[in-house]
Amino acid sequence: MDKERLVNEFIEMVQISSLSLKEKSFADYLSSKLRDMGLEVHTDHAGEKCNGNTGNIIAKLKGNTSAPPIMFGAHMDTVVPGESIKPQIRDGYIYSDGTTILGSDDKAGIAAILEAIRTIKENNMKHGDLEFVFFIAEEGGLFGSKHLDYSKVQSKMAFILDSGGPVGDVIVQGPAQMKIFADFKGKAAHAGVAPEKGINAIQVASRAINSMKLLRIDHETTANVGVISGGSATNIVVDAVHVKFEARSLNNDKLQAQSDHMVDCIKKACEEFNTTCDLQVTLNYPAFTIEKESPVAKLVTQAIEGLGLTADLKSTGGGSDTNILNGNGIAAVTLAIGMNNVHTTAENIAIADIVKSAELVTAIIQQVQNT
């Protein structure tokens, strides 16, 4: 690895704004880099399907052996505040200046992948076909992976660099998420003159929420009410309230049971107040489980241990592009890259961890070649 090159490139990348659905400037920069490195680069039409200004980047490096193709991925977008980032190096870590995020989520993953590609090419390493996918709009919706042109991807095994924790941690299990959007209907009336003529939608929603089992349901399942909006004045009986719920579980049957319970609570509250509710129940992303004896888990474990690191295969409560890839028939795991305090202005990452991540990408490629 060329440590200085890797750090300089990461610092350069985080200074290019790439908020979700506004990644075009960074995508153009990255596409140019990949082409200069000799990769075949294609941009799909994912952005057109989610109101973005560019698509996912799919880059390919032709193999020089018959080893099976594998994919590496990371997302290009960042959360706010993610503009005018001013990275700083202190005591072996890279921070922002404290007014913005840093953007290691997920540009540290991208930087590691680029350095691994250069290392492979500069050392004439043997490898099969390699595919690299850089997603748009991961934050808040996984829209890039949901709308990826899967006809352009041949790999059946993928490694996504997008998790906190020490390098060596591997996410092999993640929950499904159900979203429940509820529009409670009330009846407007003057709250001081004739409140009995109204139906307060806030009261209906409150009754439904109060009857629900929420937060930690069991070791595999969670549920939450996260957004409530409605009402305009204290002297008006509220006639409409919009509420957003979610449920997650590593177990699909438990997820369905929790979702059904929440919907049932909503319907019963509406019956009690003699009103209705428009419901939208959507599976946002599927659960996935990669068995520890599966080829992808064994391969990444061997690569990690070959670097002298400890492989820790674990579960997460969050969703990522990995969920969507698994749902589309690609056995995918998420690799930890050492980023800390993501989505905050205290975000930081150790230079050593970016280097380790690049080494791990290279080691995985070599392990596939040797398997």
For this session: Tabulate in residue order the Karplus-calculated ³J(HN,Hα) for the stretch 113-130, using 6.51 cos²θ - 1.76 cosθ + 1.60 with θ = phi - 60°, rounded to whole Hz; enter x for Gly and Pro.
Result: 5, 4, 5, 5, 4, 4, 4, 4, 5, 5, 9, 6, 6, 7, 6, x, 4, 10
For this session: Positive end of the charge dipole of the chain (Lys, Arg +1 and Asp, Glu -1 on Cβ, about the Cα centre): tell me which of SER294, MET1, ALA233 has its Cα farthest that way.
Result: ALA233
Seminar exercise, completed: Taking a straight Cα-to-Cα line shorter than 18 Å from LYS152, and setting aside same-chain aspartates and glutamates fewer than 8 residues away, one finds GLU40, ASP44, GLU48, ASP129, GLU131, ASP321
Seminar exercise, completed: When the chain is treated as a Gaussian network with springs between alpha carbons less than 10 Å apart, the largest mean-square fluctuation among SER32, SER229, SER17 is found at SER229
For this session: Compute the relative contact order of the stretch 262-331 as a whole-number percentage, counting only Cα pairs closer than 8 Å that sit 6 or more residues apart in sequence.
Result: 31
For this session: Give the peptides 306-312, 345-351, 94-100 in descending order of average Cβ contacts within 10 Å, highest first.
Result: 345-351, 94-100, 306-312
Exercise. Peptides 242-248, 278-284, 149-155: what's the order by average Cβ count within 10 Å, highest mean first?
Worked result: 242-248, 149-155, 278-284
Seminar exercise, completed: Computed over the chain, the relative contact order (Cα-Cα under 8 Å, seq sep at least six) in percent reads 23
Seminar exercise, completed: Summing -39500 (n - 2.57) over every DSSP H run of at least 4 residues in the chain and dividing by its residue count gives a helix-only mean residue ellipticity at 222 nm, to the nearest 500 deg cm²/dmol, of -10000 deg cm²/dmol
Exercise. Given LYS86/LYS298; LYS24/LYS62; LYS22/LYS292; LYS213/LYS292, which pairs have Cα atoms separated by over 31 Å?
Worked result: LYS86/LYS298; LYS22/LYS292; LYS213/LYS292
For this session: Kindly list the residues of the stretch 330-371 that lie in the label zone of SER84, defined by a backbone N under 18 Å from the point 7 Å along the Cα-to-C-beta vector.
Result: 345-346
Exercise. Pulled fully out, how much extra length does the chain show between GLN154 and SER206, if you take 0.36 nm times their separation in residues and subtract their Cα-Cα distance?
Worked result: 13.8 nm
For this session: Take every DSSP beta bridge with both residues inside the chain and express the antiparallel ones as a percent of the total, to the nearest 5.
Result: 70
Exercise. Taking only C-alpha pairs under 8 Å that are 6+ residues apart, what is the relative contact order of the stretch 1-130 in percent?
Worked result: 31
Exercise. Computed over the Cα atoms, what is the radius of gyration of the stretch 176-285 divided by 2.2 N^0.38 Å, N being its residue count?
Worked result: 1.15
Problem set entry | Structure-derived Rg and Dmax of the Cα atoms in Å: which label, when the choices are (i) 24.5, 96; (ii) 23.4, 83; (iii) 20.3, 62 | (ii)
Problem set entry | the stretch 176-285, dipole about Cα centre (Lys/Arg Cβ +1, Asp/Glu Cβ -1), debye to the nearest 20 | 160
Seminar exercise, completed: Each label sits 7 Å from Cα toward the beta-carbon; between GLU271 and ASP97 the label points are separated, in nm, by 6.0
For this session: Straight distance only, please: which aspartates and glutamates reach the Cα of LYS197 with their own Cα at less than 14 Å, same-chain residues fewer than 8 apart left out?
Result: ASP239
Exercise. What distance in nm separates the simple spin-label points at LEU214 and TYR29, each placed 7 Å from Cα in the Cβ direction?
Worked result: 4.0
Exercise. Mind checking the dipole of the chain: about its Cα centre, +1 per Lys or Arg Cβ, -1 per Asp or Glu Cβ, Debye to the nearest 20?
Worked result: 440
Exercise. Mind listing the phi-derived Karplus ³J(HN,Hα) values for the stretch 283-289, rounded to whole Hz, using 6.51, -1.76 and 1.60 with θ = phi - 60°, and x for any glycine or proline?
Worked result: 6, 6, 7, x, 6, 8, 9
For this session: Would you give the gap between the C-alpha center of the stretch 36-98 and the C-alpha center of the stretch 137-192, rounded to a whole Å?
Result: 18
Exercise. So how much slack lies between HIS261 and ILE236, counting 0.36 nm per residue of separation and subtracting their Cα-Cα distance, in nm?
Worked result: 5.9 nm
Exercise. Hey, which of these cross-link pairs are over 28 Å Cα-Cα: LYS156/LYS356; LYS49/LYS107; LYS60/LYS254; LYS179/LYS314?
Worked result: LYS60/LYS254
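Throughout, read-outs are computed from the coordinates displayed, never taken from laboratory work. The structure displayed is predicted, hence computed values, not measured ones. No Cβ is skipped: glycine too gets one built from the backbone with ideal geometry, and neighbour counts run over all protein chains shown.
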